[in-house]
Amino acid sequence: MIKQFIRKFKPSYELYNLFKRSELEHNLSKYKKYGLSKKYYSSVSSQDFEGLNSPLNIHDRLDTRDTLPTQLEFQNLSVQRQNELLTWSEKGYVILKHFFSPERVQQINTEVENLNRTGKAKWVGNKMMFAIHYSDIMLQASADPELMKIINLIMGKKMELFQSINFLTGSEQRTHSDSFHMSTFPYGNIIAAWIALEETSAENGPLHYYEGSHKLPYIVNKDFGNAGTSLFLGNKLYSDYEDKIASILEQHNFERKILLAEPGDVLLWHSNLLHGGEPHRNKELTRKSLVTHYYAEDAICFHEVTQRPTLKRKLEFPSL
């Protein structure tokens, strides 16, 4: 009961955040930009931005088929890559086939095993969090220059690597959007990359996603009665959020896609694209992957699900 109270009581998080200024002050200049009187440690949620204009990113306003071909960095890409990127605005995702070589995929898998063996980063359940903070190899893969160039192109602005999550098996997570977990203001200023580190099939829990669903309104706490108060988080369960997403999908006719990927394939998806994990039918199989998230440098970063500002640890890039 006490643990539940602490988890719901916003000041308990603010006290913790008080000692994390270096990881939280990134929001201060943006609060000032939007006229918000907030401390770096304060609770933050979509309610703080009600009444404020949330400008759309360029490729949420304009079609990538029209804008990308005019840009020099796009013109310098291979024809295959160009064709892959053109449908971003329409579909809310792109698939970069064979982006990482078999040798690079093997290097990443070996490094993950080494991190777990040495205890630098360990599997917790089927996840290994923030391996980029403990390995130059993981950091270089997650911030691959060619990948960053593509991400910046389709987002129309400079993005920065935030976190990595390695998966040993499929998540089997119900359909959701990243924007509820890793949120921004203005909305839509985060993008995810899913990197296949082995072949995926119907047996080992592939990803699913709903093409075009990124164009739906962003779902926030108040949309399913979970706004809470100035002192306490709402009382709804996470499953209530998932139920809300399921009910929205029932009202639309988005095509459900299943990603059967090959090692080295990369899926980039919009922060509001509805996606999840299929059932893991053969429990003897793994489904190794690397998921990375990137925030826009000019956005307020927070977590709508917990109403907390985003902690950003500085990344130490190796000198080349």
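For segment 250-267, the criterion of a residue being under 30 Å from Phe49 (Cα atoms), crowded, with 19+ Cβ neighbours inside 10 Å, in contact (Cβ under 8 Å) with a residue 12 or more places away in the chain and not hydrophobic (A, V, I, L, M, F, W, C) is satisfied by no position. Of everything in segment 216-249, what is small (Gly, Ala, Ser) and either under 27 Å from Ala202 (Cα atoms) or surrounded by fewer than 18 Cβ atoms within 10 Å (Cβ to Cβ) (or both)? Give them in sequence order. Answer for segment 216-249, where residues must be small (Gly, Ala, Ser) and either under 27 Å from Ala202 (Cα atoms) or surrounded by fewer than 18 Cβ atoms within 10 Å (Cβ to Cβ) (or both): Gly225, Ala227, Ser230, Gly234, Ser239, Ala246, Ser247. Residues of segment 139-184 that are of a type in the set (Gly, Ala, Ser), surrounded by 22 or more Cβ atoms within 10 Å (Cβ to Cβ) and more than 24 Å from Arg308 (Cα to Cα): Ala141, Ser142, Gly170. Being under 22 Å from Arg61 (Cα atoms) and buried (at least 21 other Cβ atoms within 10 Å of the Cβ) is a description that does not apply to Ile195.
Scan segment 103-114 and tell me whether some residue there is within 30 Å of Glu255 (Cβ to Cβ), surrounded by fewer than 16 Cβ atoms within 10 Å (Cβ to Cβ) and not small (Gly, Ala, Ser). No, segment 103-114 contains no residue that is within 30 Å of Glu255 (Cβ to Cβ), surrounded by fewer than 16 Cβ atoms within 10 Å (Cβ to Cβ) and not small (Gly, Ala, Ser).
Residues in segment 54-85 that are surrounded by 18 or more Cβ atoms within 10 Å (Cβ to Cβ), farther than 23 Å from Met182 by Cβ and among the aliphatic types (A, V, I, L, M): Leu68, Leu77. Within segment 28-67, the set of residues being among the acidic types (Asp, Glu) and in contact with a helix residue (DSSP H, G or I) (Cβ under 8 Å, 6 or more places away or on another chain) comprises Asp60, Asp63. Here Ala261, Ala227, Ala202 are screened, and the one residue that is under 26 Å from Cys301 (Cα atoms), among the small types (Gly, Ala, Ser) and outside any helix (DSSP H, G or I) is Ala227. Could you list, in sequence order, the residues of segment 26-53 that are exposed (fewer than 14 other Cβ atoms within 10 Å of the Cβ) and either among the basic types (Lys, Arg) or under 15 Å from Ala299 (Cβ atoms) (or both)? Passing the criteria: Ser29, Lys32, Lys33, Leu52, Asn53.
Computed from the coordinates by the stated procedures, all read-outs in this text should not be read as laboratory data. The structure displayed is predicted, hence computed values, not measured ones. Note that each Cβ is placed from the backbone with ideal geometry, even for glycine, and that neighbours are counted across all protein chains shown.
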